[in-house]
Amino acid sequence: MPDSPFTRTPTERDLRQDLLLAGVMLVGGVISAGLSTVAGLYGKTQAPMWTALVLVLAVSAPLALRRRRPAAVAVFVALAMFVGVTLRVPEMYVMNISMFIALYTVGAWMNDRRAATLVRIGIIAGMFIWLLFVMYRDAIDEAGKADMAAGLFSPYIAMMMLQLLLNVLYFGGAYYFGERSWQAAAQRHTLEGRTRELEAEREVTAAQAVALDRVRIARELHDVVAHHVSVMGVQAGAARLVAEQDPAEAKRMLAGIEDASREAIRDFRQLLETLRAPGDALGDDAPSTFGLEDIERLAQSSSDAGLPTDYAVIGEPVAVSSTVGVNLYRIAQEALTNARRHAGVGATADVRVRYEPDAVELEVVNTGRAIGVLRPGLGQLGMRERALASGGTIELLPRPQGGFRVRASVPLSTTKEAVR
């Protein structure tokens, strides 16, 4: 989303400071007017003192509104200054300070930047035209005096050049500092906006991290609970059916249930230890005791639970990262669990771990009931997430002749980089 245009709005504190400034300038102006009158600032040609008091009020009172109406205040103060100097009103110090502040405020606080530029250029240009006119008028008046005979660098000409230089510095400084104040405020606004965006992004990132952790916990719990409870449920049901006809077989199945319960407790303990571990132990590289070499034992457990399962390794085994190992193990575990739950009586399964030149592939195929409509569940979602976390792909497809096929493939380049 593009940044909104920057605007400056005075606060209540800013407005109170403007009132205070106007009051201070008024008091200072009254003192300056009195001292200038007594000192005879313009000699015998100066205006009465009451005009100085009116001028002081005219240039100081508008400063109370300088941040609310910067252009109007600057134009008004400029006109008051023009009238005061033209009529030789005995006060110039507070008048000059007020003009500087008003011109500065236009550059620092006027939101319409084009208008701010035009107002300042208009005032400055008008002041210099008027100054040149006054200098020309005074030069005509002084033309007959003896000190003008010195030529270009007579005292009068030198004084005029000095005044011109001072006015360039005066108005140029007001313009420059006002512009710098606006730019600094704009930069602060931009930095504050970036800070707010970073804070929002950090909150979103933290929320996403929590959500990812919850997903990983849910995936681990599903894999552990679904597998072991499924095994125990199948073996318990089979033991109940053969308890009277074949007590020995029933005992063997009950022993399998006992083993499955111990494995479930071990897996739960490992999961809890992972959750209690400091740092990012729950990440994709979380330690695990399971790997590709444990899939054979998983296939044997599946056979013991009533689903005859063949296991085979094709190709020359290579080392893979712990993340890839545990993810492929969990995919095989979930595939066999689903086969026991849905394949039906008489189903069989085949587990193949295939090492190809550029990938390691896990394939779990089971026979059994034909699946008309594939209904995605948490188990399939978990398998897809594990394949994606390993940098690989996965296929979950019903077989036309009945049963299901799960095929996951992980590039060996990914596993080798992780092993390093």
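Where a number appears in this text, it was derived from the coordinates with a stated rule and is not lab data. No experiment lies behind these values; they were computed from the predicted model shown. Reconstructed Cβ throughout: ideal geometry from the backbone, glycine too, with neighbour counts over all protein chains shown.
Look at the alpha carbon pairs under 8 Å that are at least 6 residues apart: their mean separation over the length of the chain gives a relative contact order of 10 percent.
Rounded to the nearest 10 degrees, the angle from helix 12-39 to the longest Cα principal axis of the chain is 20 degrees. Local charge sum around Arg180 (other residues, Cβ-Cβ under 15 Å, Lys/Arg +1, Asp/Glu -1)? Taking every other residue near Arg180 into account, the sum is +3. Label reach from Asn111 (point 7 Å along Cα→C-beta): in the stretch 66-80, amide nitrogens under 15 Å belong to 67-71. Contact order for the stretch 286-420, expressed relative to its length and based on alpha carbon pairs under 8 Å spaced 6+ residues apart, stands at 26 percent. About its Cα centre, the chain has a charge dipole of approximately 1740 debye under the convention of +1 per Lys or Arg Cβ and -1 per Asp or Glu Cβ, with nothing else charged.
Helix 49-60 against the longest principal axis of the chain: what's the angle in degrees, Cα atoms only, rounded to the nearest 10? Approximately 10 degrees, to the nearest 10.
Using C-alpha pairs below 8 Å separated by at least 6 residues, the relative contact order for the stretch 1-141 is 27 percent.
Just the Kirkwood number for the chain, please: inverse of mean 1/r across all distinct Cα pairs, in Å, one decimal.
After inverting the mean inverse Cα-Cα distance, the result is 29.8 Å.
Selection among Met383, Gln17, Ala74 by position relative to the dipole of the chain gives Ala74 as farthest towards the positive end (Cβ unit charges, Cα centre). Distance between the 7 Å Cα→Cβ label points at Thr86 and Leu164: 2.3 nm. For helix 70-86, what angle does its Cα long axis make with the longest principal axis of the chain, in degrees from 0 to 90 and rounded to 10? Computed tilt is about 20 degrees.
Net charge in the neighbourhood of Ala33 (other residues with Cβ under 15 Å of its Cβ; Lys, Arg +1, Asp, Glu -1) is 0. Would you tally the net charge around Glu395, using a Cβ to Cβ cut-off of less than 12 Å, leaving Glu395 out, and scoring K and R as +1, D and E as -1? That sum, taken over residues with Cβ under 12 Å, equals +2.
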